[in-house]
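The values are calculated or read from the model by the stated rules, or taken from the named source; none is laboratory data. Keep in mind the model is a prediction, meaning the values are calculated, not measured. Every residue, glycine among them, receives a Cβ derived from its backbone with ideal geometry; neighbour counts consider all protein chains shown. We work out accessible area using only protein heavy atoms, side chains counted, and drop any ligands, DNA or RNA first. Shrake-Rupley method; radii C 1.70, N 1.55, O 1.52, S 1.80 Å.
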Amino acid sequence: MTVDFNAEKVYDLPPSDLVRPDRVAGRMYTDPDIFELEMSRIFERAWVWVAHESELPKAGSFKSTHVGHQPVIVTRDRKGNINTLLNRCRHRGASVCEQRAGNANGFTCPYHAWSYGLDGTLRGIPYPDGYEDVMGKEGMGLKKARTESYGGMIFATFNPDAEPLDEFLGDTKLWIDRFFKQGGGYPVKVLGTHRFKFRGNWKIQLENTTDGYHFPIVHRSWMASVDAETSDMMSFMTDPSAITHDLGNGHSVMQMVPEHSDLDADDGSEPLQPRFDGLVAELTEAGLDEPAVRKLVRAVHGTGFNLNLFPNVSMSISFFRVLRPISVNETWIEHVALGSDGPEDIVGPVNRERLRAHEHFQGPFGFGTPDDAEGWDRVQRGAVGGPELPIMVNRGLGREARSAQGWPTSHVTDETGMRAAYGKWKEMMSDD
């Protein structure tokens with residue numbers, strides 16, 4: 001392996017030189033100055049995922065989150081519009097909301113009681129006589145980010161010049177549409193979330209969700225804990241039809257179980273797993289016919305792919321994985337469990353099974369999350385050593401080819417998705 005990052009000069013290289021076609025500089029995980037540039041050039045310029053529409057079911061619903069370093073509140077106002085508001089009072093800068101989610105008529109700053117509507121409009125100022133001939137309410141509402149959505153996925157950006165969300169998502173829209181077929185004929189909704197922090201750079205996790213290479217190694221304990229049918233389904237290491245596509249703009253999709261990529265494509269030949277016999281009986285008793293039961297039960301697995309949306313969310317088989325960078329070596333991860341939104345006697349049993357599956361792998365006491373997090377921590381600890389040594393992303397480069405759609409494509413164990421993300425990283429970090 002040729003090493004081409006000089007140890008003495010690696011800290012002098014500009015961001016445009018840190019990404020090569022087959023490797024990236026380890027400095028990208030450890031340099032706090034690089035991290036701050038990422039926050040301003042990527043997280044406050046790109047479209048960042050902030051919520052799913054099911055988290056804002058009615059007027060007054062809100063969710064607190066972040067766009068880069070900036071705290072925001074995502075709201076549904078009285079007209080049904082969705083807004084992303086900077087969580088900062090226009091008077092003296094105090095946050096106006098400290099709850100993670102809820103329902104409200106508006107937001108009032110606890111410091112001096114300036115009050116704002118769900119659309120961010122400044123509604124009231126106590127003792128306003130001091131502002132006569134000094135300032136009016138107009139133009140003093142909460143700062144708003146651009147907010148657009150596709151397929152129920154809500155994104156925000158503080159960049160007024162960002163391309164429309166539709167253009168940014170590009171070819172991912174096909175896969176977003178497919179992902180939401182896992183409602184089994186019903187809309188998909190958020191069932192719940194849990195958060196945890198790992199001691200590593202955000203890009204380590206970004207890589208992980210498009211890394212099929214690690215799966216049978218890191219997740220041996222999970223593979224040993226599931227039934228034979230599930231284990232066989234996830235044994236994709238030598239399956240030539242299991243592939244990863246670079247979808248453009250840093251996005252990628254990793255098809256681990258290609259036959260489940262489109263849940264509508266069902267010829268009826270795949271048997272339902274015996275472990276779902278009880279669920280089949282419950283749904284049949286609820287009055288569903290065999291095709292409807294089959295549609296719901298097949299969807300319990302989710303889709304057969306991970307869709308990575310640069311820079312901060314993955315639509316991963318059956319859940320969302322959301323990352324929020326805190327510092328160069330700290331990252332929050334939020335796992336969002338998903339289910340069907342329909343009559344409780346039908347979707348209740350289905351969502352119960354989905355939650356049990358989520359807990360088994362992604363949950364805080366599951367098999368998958370602790371193993372992944374240990375790997376991420378170790379990458380960060382190791383990356384501080386040998387500053388001249390690169391992080392390699394060259395697996396499959398020699399067998400990468402164009403799909404019929406024109407997407408750079410290689411095997412699911414290859415690092416096509418990582419190269420896609422780092423290509424976009426380089427583009428945005430090189431743009432002053």
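Some observations on this one:
- With respect to the conditions (1) closer than 25 Å to Ile42 by Cα; (2) buried (at least 21 other Cβ atoms within 10 Å of the Cβ), Ile346 falls short on a single one, namely (1).
Let's see how each residue does on (1) modelled with pLDDT of 95 or more; (2) open to solvent by less than 10 Å² (accessible area, probe 1.4 Å); (3) in a helix (DSSP H, G or I); (4) not acidic (Asp, Glu):
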| site | (1), (2), (3), (4) |
| --- | --- |
| Met39 | yes, yes, yes, yes |
| Ala46 | yes, yes, no, yes |
| Val50 | yes, yes, no, yes |
| Pro71 | yes, no, no, yes |
| Thr75 | yes, yes, no, yes |
| Gly80 | yes, no, no, yes |
| Thr84 | yes, yes, no, yes |
| Val96 | yes, no, no, yes |
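- Hey, Ser314 crowded, with 21+ Cβ neighbours inside 10 Å, among the hydroxyl-bearing types (Ser, Thr, Tyr) and farther than 19 Å from Asp211 by Cα or not: no
- Filter pass, Ser64 being closer than 23 Å to Ser327 by Cβ, at pLDDT 95 or above and assigned to a strand (DSSP E or B): yes
Let's see how each residue does on (1) at pLDDT 95 or above; (2) surrounded by fewer than 18 Cβ atoms within 10 Å (Cβ to Cβ); (3) assigned to a helix (DSSP H, G or I); (4) among the hydroxyl-bearing types (Ser, Thr, Tyr):
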{"position": "Arg324", "(1), (2), (3), (4)": "yes, no, no, no"}
{"position": "Trp332", "(1), (2), (3), (4)": "yes, yes, no, no"}
{"position": "Ala357", "(1), (2), (3), (4)": "no, no, yes, no"}
{"position": "His360", "(1), (2), (3), (4)": "no, yes, yes, no"}
{"position": "Thr369", "(1), (2), (3), (4)": "no, no, yes, yes"}
{"position": "Glu374", "(1), (2), (3), (4)": "no, yes, yes, no"}
{"position": "Gln405", "(1), (2), (3), (4)": "yes, yes, no, no"}
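- Some residue of region 294-307 being hydrophobic (A, V, I, L, M, F, W, C) and touching a strand residue (DSSP E or B) at 6+ places or on another chain (Cβ under 6 Å): yes
- Test: residue in region 52-60 that is in contact (Cβ under 8 Å) with a residue 40 or more places away in the chain, among the polar types (S, T, N, Q) and open to solvent by 10 Å² or more (accessible area, probe 1.4 Å): yes
- Condition check for Val24: out of contact with any helix residue (DSSP H, G or I) (no Cβ under 6 Å at 6 or more places or on another chain) and touching a residue at least 40 places away in the same chain (Cβ under 8 Å): no
- Those residues of region 174-201 which are open to solvent by 40 Å² or more (accessible area, probe 1.4 Å) and either among the charged types (D, E, K, R) or touching a Phe, Trp or Tyr at 6+ places or on another chain (Cβ under 7 Å) (or both), in sequence order: Asp177, Arg178, Lys181, Lys189, Arg195, Lys197, Arg199
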